[in-house]
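The values are calculated or read from the model by the stated rules, or taken from the named source; none is laboratory data. Keep in mind that this is a model prediction, so the values were computed, not measured. Cβ coordinates were reconstructed from backbone atoms using ideal geometry, including for glycine residues, and neighbour counts include every protein chain displayed. Side chains included, ligands, DNA and RNA excluded: accessible areas come from the protein's heavy atoms. Shrake-Rupley method; radii C 1.70, N 1.55, O 1.52, S 1.80 Å.
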Amino acid sequence: MRDVGGVGAWEGRPADAWARRLGVATVEFHARVTSTNDRARVLAAEGAPRPAVVVADRQSAGRGRRGRRWVSDTPLGLWFTVVADPVAGGAAGLPLRVGLGVARGLESLVPEVRVEVRWPNDLLVGGGKLGGVLCEETGGAVLAGIGLNLNHARDDLPGGLETAATSVLVAAGARVSRARVLARVIDELSDVWLHPGPPIPAAELAELNARSPVRGSSLSADGVVRHSSGRPRAVRGLRVRGGDILPDGTLQVRDDTGAQLRMIAGSVRSNPETSRS
């Protein structure tokens with residue numbers, strides 16, 4: 001175990017005790033970094049023993065997919081990255097599987113919340129964005145960055161977002177320990193690293209679809225879609241109806257002509273008309 005460049009203890013527990021509790025080879029805790037994925041990328045390049053976990057109280061330049069800013073310069077949330085071995089066959093379904101593990105871990109501690117997993121990487125509670133997952137492949141490793149709004153009061157949350165932010169405190173009316181959340185989530189993710197796939201295991205896939213807020217909803221799709229009889233094509237603002245998440249991590253959708261398509265990259269957002277079929 002090593003804790004290089006970080007603080008020697010976190011939430012009252014020394015780093016070496018955390019490594020034993022989490023079952024990881026490398027652990028780092030930082031008061032502030034640009035982003036935990038940035039620091040994890042350095043660890044991967046240095047060949048740090050895996051699995052490794054990087055946790056920060058604050059991120060000065062937290063980010064989500066496509067470089068979008070993730071407001072996380074506060075100790076009210078939990079910001080961390082897991083560094084694991086690369087996934088044979090690609091990591092397309094990994095953000096969803098990690099998101100499911102986070103949902104399970106949170107619900108085991110705060111049963112008052114029901115966490116939805118929105119394709120491809122968002123965590124929602126009551127329609128508000130609670131957190132997200134950013135998976136990247138680098139230096140012969142995969143990085144799974146996780147950001148969770150935990151103890152933010154309503155006024156602490158950022159405004160002006162496409163999906164309004166929420167937190168465990170706002171949703172459940174109670175604070176939650178960052179230490180307990182970290183431990184439970186890492187426990188839930190252990191099977192992901194042991195059996196990374198693809199495909200997404202059938203039991204997880206069924207649960208992901210049960211937790212999907214886009215299933216049957218009217219959506220606007222931006223990204224890349226593929227029809228079974230054609231090549232992938234880029235779309236922007238394509239009106240579709242959401243279907244199932246598939247074993248390879250893609251999202252099945254149906255356009256206004258009734259054609260079945262697969263979203264293989266990009267994002268979806270709800271249209272003003274949100275009825276379900």
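See the values below:
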{"read-out": "Gyration tensor (alpha-carbon) shape descriptor, the range 19-59, a/c threshold 1.5", "value": "oblate"}
{"read-out": "Per-residue SASA entry for residue 166, accessible area with 1.4 Å probe, Å² rounded to 10", "value": "10"}
{"read-out": "Within the chain: Cβ-based charge dipole about Cα centre, in debye rounded to nearest 20 (Lys, Arg +1; Asp, Glu -1)", "value": "520"}
{"read-out": "Global form of the range 57-144, assessed from the alpha-carbon gyration tensor, a/c cut-off 1.5", "value": "oblate"}
{"read-out": "In the range 71-148, trypsin sites (Lys or Arg not before Pro) in a DSSP loop with at most 15 other beta-carbon atoms within 10 Å", "value": "114"}
{"read-out": "Heavy-atom accessible area per residue - the chain, 1.4 Å, Å²", "value": "43"}
{"read-out": "Share of carbon and sulfur in the accessible heavy-atom surface of the chain [1.4 Å probe, %]", "value": "49"}
{"read-out": "Charge dipole magnitude, Cβ of K and R +1, D and E -1 - the range 72-201, Cα centre, debye nearest 20", "value": "300"}
